[in-house]
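Asker: Can you keep this structure in mind? I'll have questions shortly.
Here, each number is a calculation from the coordinates, and none is a lab measurement. Predicted model only: the values in this text are computed from it and were never measured. Glycine also receives a Cβ, built like all others from the backbone with ideal geometry; neighbour counts cover every protein chain displayed.
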Amino acid sequence: MLEKKAIQYEKAVLIGVVNTNQNEDKVNEYLDELEFLTYTAGGEVQKRFTQRVEVPNPKTYIGSGKMEEVQRYVKENEIGSVIFDDELSPAQQNNIEKLLRCKILDRTSLILDIFAQRAQTSYARTQVELAQYEYLLPRLTGLWTHLERQRGGIGMRGPGETEIETDRRIVRDRIALLKRKLSKIDRQMETQRGNRGALVRVALVGYTNVGKSTLMNVISKSDVFAENKLFATLDTTVRKVVIGNLPFLLSDTVGFIRKLPTQLVESFKSTLDEVREADLLLHVVDISHPNFEEHIDSVNNILDEIKSANKKTIMVFNKIDQYQPETIDEDDLVTERTKAHFTIEDWKNTWFNKIGDRALFISALNKQNLDEFRKRVYDEVRDIHVTRFPYNNFLYPEHLDQY
Ligand SMILES: Nc1nc2c(ncn2[C@@H]2O[C@H](COP(=O)(O)OP(=O)(O)OP(=O)(O)O)[C@@H](O)[C@H]2O)c(=O)[nH]1
Ligand SMILES: [Mg+2]
């Protein structure tokens with residue numbers, strides 16, 4: 001009989017701050033996401049601490065009274081990691097670690113850790129390693145040295161394990177080496193992309209866990225890894241898809257997230273080339289997520305960062321099967337109707353008013369509305385195709401009877 005391996009989840013607590021930019025509800029939403037990230041990294045959240053802090057304490061981020069409370073809790077409950085929902089300065093990280101005597105992570109190091117854990121190919125591993133070294137460089141002095149590094153777990157994967165005590169010079173050399181290695185792979189990939197000819201290129205983009213890989217799988221009948229954790233996909237997969245008689249290339253790539261560490265955007269540049277060089281973007285959105293509008297903004301910001309914000313885009317609202325609007329009882333005259341009460345029809349109208357038929361509502365899982373999806377993608381790809389190959393226009397009849 002196969003031995004069942006129990007997954008050991010490491011105990012963690014989360015810390016977030018309330019201020020004028022983020023009220024209590026918002027912080028809790030952010031902490032929900034941080035909890036999901038923690039779970040993806042292998043941690044189990046035992047408690048959340050929040051404090052109203054207008055300007056973070058330069059030494060310890062939160063105030064000393066709150067810190068004592070956290071300290072007691074960490075000690076009494078054998079907490080392995082304390083995770084902050086923001087980037088800590090190297091000094092803050094150092095000070096807090098001395099006080100709490102456990103691993104201190106921030107949003108950036110947690111995301112880097114998940115990327116390190118998930119990187120499959122040597123290309124992805126090299127990119128993550130580079131990002132981790134860039135993150136570590138300003139934090140080298142005394143970081144984690146009083147902890148047993150062998151313990152491993154969250155935040156301990158990747159280059160930190162063996163080389164944390166080495167001096168900056170060695171880290172800088174390593175960064176230079178990784179950059180050289182990456183630029184060599186980049187050149188190879190560029191050639192590969194060049195070999196694909198002039199086929200129209202379509203890229204799936206979107207927040208993490210919205211269903212990009214699931215959609216890729218149903219559209220291209222391929223088998224890309226999809227699961228209900230964050231950052232299931234780190235590499236780019238490209239498939240040739242044929243709708244009707246029209247072939248094009250469809251790529252699925254790494255998902256985005258709010259405050260995606262800049263080190264990652266930087267080192268994943270060439271993975272993101274697939275997006276940068278695409279003719280058409282399919283921006284996939286999880287409409288069942290309460291924060292989906294904010295997710296759209298985060299994705300648009302990153303697209304802007306990689307100079308792809310002005311591309312032709314179809315908004316694909318996915319997971320309509322899971323969408324649950326809040327309801328108001330008929331005799332309830334007090335509750336105000338907000339966007340949370342919108343039905344799918346309301347959202348359709350809102351987006352159709354905004355961008356016309358460049359908004360689509362589907363369920364990749366239940367295969368709802370996929371024919372309309374195929375038709376829309378077909379029409380867009382065809383438009384691009386005929387401008388590129390004006391002379392074989394006749395191959396692509398206006399009306400398709402079947403896909
Ligand atoms: N209910 C529902 N779940 C879906 C739908 N599409 C995808 N999912 C689920 O959402 C989760 C994430 O799907 P993925 O396809 O891995 O998402 P992704 O956007 O590729 O995620 P990353 O690669 O992590 O960025 C999986 O558990 C899917 O089964 C849908 O239409 N409805
Ligand atoms: Mg994916």
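Asker: Are any of the pairs 184/307; 103/184; 59/229; 26/47; 240/375; 259/319 more than 27 Å apart by Cα-Cα distance, and if so, which?
Answerer: Over 27 Å Cα-Cα: 103/184; 59/229.
Asker: Right, something else. If r is the Cβ-Cβ distance from residue 47 to residue 239 and R0 is 56 Å, what FRET efficiency results, to the nearest 0.05?
Answerer: The calculated FRET efficiency here is 0.80.
Asker: Under a point spin-label approximation (7 Å from Cα along Cα-to-Cβ), what is the residue 310-residue 348 distance to one decimal in nm?
Answerer: Roughly 3.4 nm, to one decimal.
Asker: Distance in nm between label sites at residue 326 and residue 55, each 7 Å beyond Cα in the beta-carbon direction?
Answerer: Spacing of the two 7 Å Cα→Cβ label points: 3.5 nm.
Asker: Go ahead and estimate [θ] at 222 nm for the chain from helices alone: -39,500 (n - 2.57) per DSSP H run with n ≥ 4, summed, over the residue count, rounded to 500. Could the numbers behind the result be given before it?
Answerer: On the way: 13 runs with 164 residues, N = 403.
Per the formula, -13000 deg cm²/dmol.
Asker: What is the mean projected area of the alpha carbon convex hull for region 10-115, to one decimal in square nanometres?
Answerer: For region 10-115, the mean projected area of the Cα convex hull comes to 5.9 nm².
Asker: Full extension from residue 64 to residue 179: what is 0.36 nm times the residue separation minus their Cα-Cα distance, to one decimal in nm? Display every interim value, and only then the final one.
Answerer: Details: separation 115, 0.36 × 115 = 41.40 nm, distance 4.13 nm.
Between residue 64 and residue 179, full extension yields an extra 37.3 nm.
Asker: While we're here: Taking 0.36 nm per residue of separation and subtracting the Cα-Cα distance, what length does fully extending residue 388 through residue 375 add?
Answerer: Roughly 2.7 nm would be gained on extension.
Asker: So, one more: For the chain, what is the relative contact order in percent, using Cα pairs closer than 8 Å and at least 6 residues apart in sequence?
Answerer: That works out to 12 percent.
Asker: Quick one: of the DSSP bridges fully inside region 190-332, what percent are antiparallel, nearest 5?
Answerer: Expressed as a percentage, antiparallel bridges in region 190-332 total about 30.
Asker: Just to be sure I understand the model, the point goes 7 Å from the Cα along the line to the Cβ. What's the resulting residue 269 to residue 101 distance in nm?
Answerer: About 4.5 nm separates the two model spin labels.
Asker: Give me the dipole magnitude in Debye, nearest 20, for the chain about the Cα centre, with unit charges on the beta carbon: positive for Lys and Arg, negative for Asp and Glu. Before the final figure, lay out the partial values.
Answerer: Numbers: 57 positive and 62 negative charges, 403 e Å.
Dipole of the chain, to the nearest 20 debye: 1940 debye.
Asker: Moving to a separate point now. Hey, can you grab everything whose amide H is under 5 Å from the amide H of residue 10? Only 5+ residues off in sequence or another chain; H modelled, so Pro and N-termini drop out.
Answerer: Placed amide hydrogens put 43, 44 under 5 Å from residue 10.
Asker: Can you compute the FRET efficiency between residue 168 and residue 121 using 1/(1 + (r/R0)^6), with r the Cβ-Cβ distance and R0 = 25 Å? Round to the nearest 0.05.
Answerer: Values: r = 29 Å, r/R0 = 1.15.
Between residue 168 and residue 121 the formula returns 0.30.
Asker: Under 12 Å from a point placed 7 Å out from the Cα of residue 9 along the Cα-to-Cβ direction: which residues of region 37-72 have their backbone N that close?
Answerer: 37-47
Asker: Give a quick list of GluC sites (Glu not before Pro) in region 311-368 that DSSP marks as loop, anything other than H, G, I, E or B, with at most 16 other Cβ atoms within 10 Å. Walk me through the intermediate numbers first.
Answerer: On the way: sites: 326, 330, 336, 345; in loops: 326, 330, 336.
The qualifying sites are 326, 330, 336.
Asker: Pop out the ³J(HN,Hα) list for region 353-365 in order, Karplus 6.51 cos²θ - 1.76 cosθ + 1.60 with θ = phi - 60°, rounded to Hz; leave Gly and Pro as x.
Answerer: 5, 6, 10, x, 7, 8, 10, 10, 10, 9, 10, 5, 6
Asker: Still on this structure, I have one more. Run through the DSSP bridge list for region 10-115 and note the antiparallel percent, rounded to the nearest 5.
Answerer: The antiparallel proportion sits near 10 percent.
Asker: Here's something else I'd like to know. For the chain, report the % of Cα-Cα distances exceeding 28 Å.
Answerer: For the chain, the fraction of Cα-Cα distances above 28 Å is 54 percent.
Asker: Show me the three semi-axes of the equivalent ellipsoid for region 46-87, from the C-alpha gyration tensor (sqrt of 5 times each eigenvalue), largest first, rounded to whole Å.
Answerer: 19, 11, 9
Asker: Still on this structure, please answer the following. Note the full-extension length gain between residue 36 and residue 296 as 0.36 nm times their separation in residues minus their Cα-Cα distance, in nm to one decimal. Each step should come with its number before you reach the end.
Answerer: Working: separation 260, 0.36 × 260 = 93.60 nm, distance 1.87 nm.
Stretched out fully, the residue 36 to residue 296 stretch lengthens by 91.7 nm.
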